[in-house]
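What follows is a single structure, written as structure tokens, with notes after it.
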Amino acid sequence: MTTRGHLSWGAALCGALLLSGPLISGCADADRPTDEAAASGAPSPHTTAPADLCARIVAHWSREVLDSGTYGDYQSMGLSNGQYEILIAVVDAARAERERHGSAAARRLIDRQAHRHCADRHRAGEPTGGPWS
């Protein structure tokens with residue numbers, strides 16, 4: 001329905017959707033691997049190894065805990081029980097390091113220990129106690 005040369009909301013919306021259709025469908029394929037990558041069995045460029053993901057999240061929350069001085073609930077942090085145990089060990093070591101050598105040294109220690117502990121945790125594959133172990 002038009003009135004005085006103006007399109008109705010429905011017609012305007014329909015036109016906008018038609019115009020954005022190619023953009024939307026073009027974006028949908030952006031994360032899909034190319035045929036060559038899929039055929040070679042190469043992982044997606046966005047794949048992160050479980051040990052690396054563990055180290056990133058443990059290091060992030062270890063810095064947060066070190067800076068705030070308090071521990072939060074491991075589930076609200078998105079950590080498993082095993083990752084939380086790593087966080088506690090890393091933060092304890094980082095606090096001692098901060099006392100001896102300062103905050104920058106403590107942050108470097110967090111990165112090293114998070115990577116080491118998470119690599120150890122995932123050395124034989126995924127932890128066996130389920131996703132929250």
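The values are calculated or read from the model by the stated rules, or taken from the named source; none is laboratory data. No experiment lies behind these values; they were computed from the predicted model shown. When we count neighbours, we look across all protein chains shown, and the Cβ atoms used for this are built from the backbone with ideal geometry, even at glycine. Just the protein is used for accessible areas: all its heavy atoms, side chains included, with ligands, DNA and RNA removed. Shrake-Rupley method; radii C 1.70, N 1.55, O 1.52, S 1.80 Å.
Numbers below:
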read-out	value
Whichever residue in the stretch 93-104 is open to solvent by 40 Å² or more (accessible area, probe 1.4 Å) and of a type in the set (D, E, K, R) and, among such residues, is nearest to V65 (Cα to Cα)	R95
Any chance L66 is in contact with a Phe, Trp or Tyr (Cβ under 7 Å, 6 or more places away or on another chain) and either assigned to a helix (DSSP H, G or I) or open to solvent by less than 30 Å² (accessible area, probe 1.4 Å) (or both)	no
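Residue by residue, here is whether (1) open to solvent by less than 70 Å² (accessible area, probe 1.4 Å); (2) part of a helix (DSSP H, G or I); (3) modelled with pLDDT under 95; (4) not basic (K, R) holds:
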| position | (1), (2), (3), (4) |
| --- | --- |
| Q75 | no, no, yes, yes |
| G78 | yes, no, yes, yes |
| I88 | yes, yes, no, yes |
| V91 | yes, yes, no, yes |
| A106 | yes, yes, no, yes |
| L109 | yes, yes, no, yes |
| Q113 | yes, yes, no, yes |
| T128 | no, no, yes, yes |
| P131 | no, no, yes, yes |
